[in-house]
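The structure appears right after this line, and notes come after that.
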Amino acid sequence: MFNEFLKNPRALVYAVLVHVTLLLILVMSLKWNTKPTPLQGSGEIVKAVVIDEAKLQEEKKRKLQEEQRKRNAEEAKRRTAEQRRQAELQKQHAAEQRQREAQQAAEKKKRLIAEQKRQAKIKADKEAKERQRIAEQKRQAELEVKRKAAAEAEAKRKAEEAKRKAEEKRKADEARRQRENLEMMKQQMEQEEADRVAQARAEQQRRELAAKLNQYALQLKNIVDRNWIRPPTARVGLICTVHVRMIPGGTVVDARVTKSSGDAAFDHSAETAVLKSSPLPTPPDPSLREFDFIFNPEG
């Protein structure tokens with residue numbers, strides 16, 4: 001029975017509490033039942049009370065023991081039910097574990113089969129690609145042979161065509177050079193004749209223009225000389241060059257010495273004479289708007 005208490009500590013605690021309670025009740029009963037000074041005629045009453053109290057305690061003890069047995073029986077029943085439940089749980093867990101293991105094994109087998117199929121497919125694809133690569137290499141080699149043959153034939157044809165065209169071009173170039181030479185000789189002769197005519201005409205125009213310019217220069221000299229006032233410092237033989245700029249109509253807008261005579265007063269008198277001669281006569285060449293006038297009053 002002690003072993004049963006060890007297996008169930010709660011029952012042991014209940015038993016100790018029950019015994020302590022009974023002990024306290026017994027002690028309290030003894031205190032309450034302390035014999036007083038016996039009275040005459042009270043002996044039988046005390047004895048009856050003591051006997052009833054002992055029976056009461058015995059009945060309480062019996063009831064407590066009965067309750068303890070019931071509790072022990074219920075506890076044992078509960079423990080048995082718990083053990084059965086634990087056993088059922090263990091059995092269920094074991095079944096679930098076996099099911100999981102079986103499912104894992106099935107999945108592993110399924111994955112293994114799938115992996116084997118995948119590897120087989122990869123191998124098959126690789127072999128197919130290798131066969132395709134070899135076939136493509138063979139086809140490319142055949143195409144390369146045909147391409148080289150076609151290229152050689154085309155190169156030969158082009159070479160012959162180029163040779164023929166080169167010969168035709170050479171003949172055409174030779175004929176063209178002959179025509180060009182003839183045309184060039186003709187143009188050269190015509191150009192030489194035109195140049196001779198133009199040169200003769202230009203020479204004639206130059207001579208005519210020179211004569212006109214000489215006449216114009218003499219005309220300008222006479223006009224400027226009439227408007228020139230000799231300065232007191234002017235020596236015999238002084239000459240200066242005056243750059244003249246005029247607008248259409250002959251109006252002089254600028255007259256300045258570009259080559260001095262060495263006498264500032266003489267140079268200034270020449271500029272003044274040209275400005276006083278404005279407007280000047282129209283030059284032989286209408287485009288002549290600027291020119292250098294050599295002022296030599298004694299020339």
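The figures follow:
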item: Qualifying positions in segment 200-233 - modelled with pLDDT of 90 or more and either among the small types (Gly, Ala, Ser) or under 15 Å from ASP292 (Cα atoms) (or both); result: LEU218, GLN219, LEU220, LYS221, VAL224
item: Residue that is charged (D, E, K, R) and farther than 30 Å from SER278 by Cα, where the choices are ARG245, ARG207, ARG170; result: ARG170
item: Tally of residues being out of contact with any strand residue (DSSP E or B) (no Cβ under 7 Å at 6 or more places or on another chain), within 16 Å of ILE239 (Cβ to Cβ) and surrounded by 13 or more Cβ atoms within 10 Å (Cβ to Cβ) across segment 250-264; result: 1
item: Criterion: within 51 Å of the chain's Cα centre (by Cα), assigned to a helix (DSSP H, G or I) and of a type in the set (A, V, I, L, M) - qualifying residue of VAL197, VAL145; result: VAL145
item: Selected residue (only one of ARG245, ARG177, ARG170 is surrounded by 10 or more Cβ atoms within 10 Å (Cβ to Cβ), assigned to a strand (DSSP E or B) and free of Cβ contacts under 8 Å to residues at least 60 places away in the same chain); result: ARG245
item: Pairs with Cβ under 7 Å, 6+ apart, first in segment 58-87 and assigned by TED's automatic domain parsing to the domain that holds LEU26, second among the aromatic types (Phe, Trp, Tyr); result: GLN68/TYR14; ARG71/TYR14
item: Candidate set from segment 263-293 (those that are among the β-branched types (Val, Ile, Thr) and over 11 Å from VAL244 (Cβ atoms)); member that is modelled with the highest pLDDT; result: THR272
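Residue by residue, here is whether (1) at pLDDT 90 or above; (2) among the β-branched types (Val, Ile, Thr); (3) within 58 Å of the chain's Cα centre (by Cα) holds:
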site	(1), (2), (3)
GLN68	yes, no, no
ARG71	yes, no, no
ALA105	no, no, yes
LYS110	no, no, yes
ALA114	no, no, yes
GLU130	yes, no, yes
ARG133	yes, no, yes
GLU152	no, no, yes
ALA155	no, no, yes
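Residue-by-condition table, conditions (1) of a type outside the set (A, V, I, L, M, F, W, C); (2) in contact with a helix residue (DSSP H, G or I) (Cβ under 8 Å, 6 or more places away or on another chain); (3) surrounded by 10 or more Cβ atoms within 10 Å (Cβ to Cβ):
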position	(1), (2), (3)
GLN191	yes, no, yes
ARG201	yes, no, yes
GLU208	yes, no, yes
ASN214	yes, no, yes
LEU218	no, no, yes
ILE223	no, no, yes
ARG226	yes, no, yes
PRO231	yes, yes, yes
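The values are calculated or read from the model by the stated rules, or taken from the named source; none is laboratory data. Every value quoted in this text rests on a predicted model; they were computed, and no experiment measured them. Here Cβ is always computed from backbone atoms with ideal geometry, including for glycine, and neighbour counts include all displayed protein chains.
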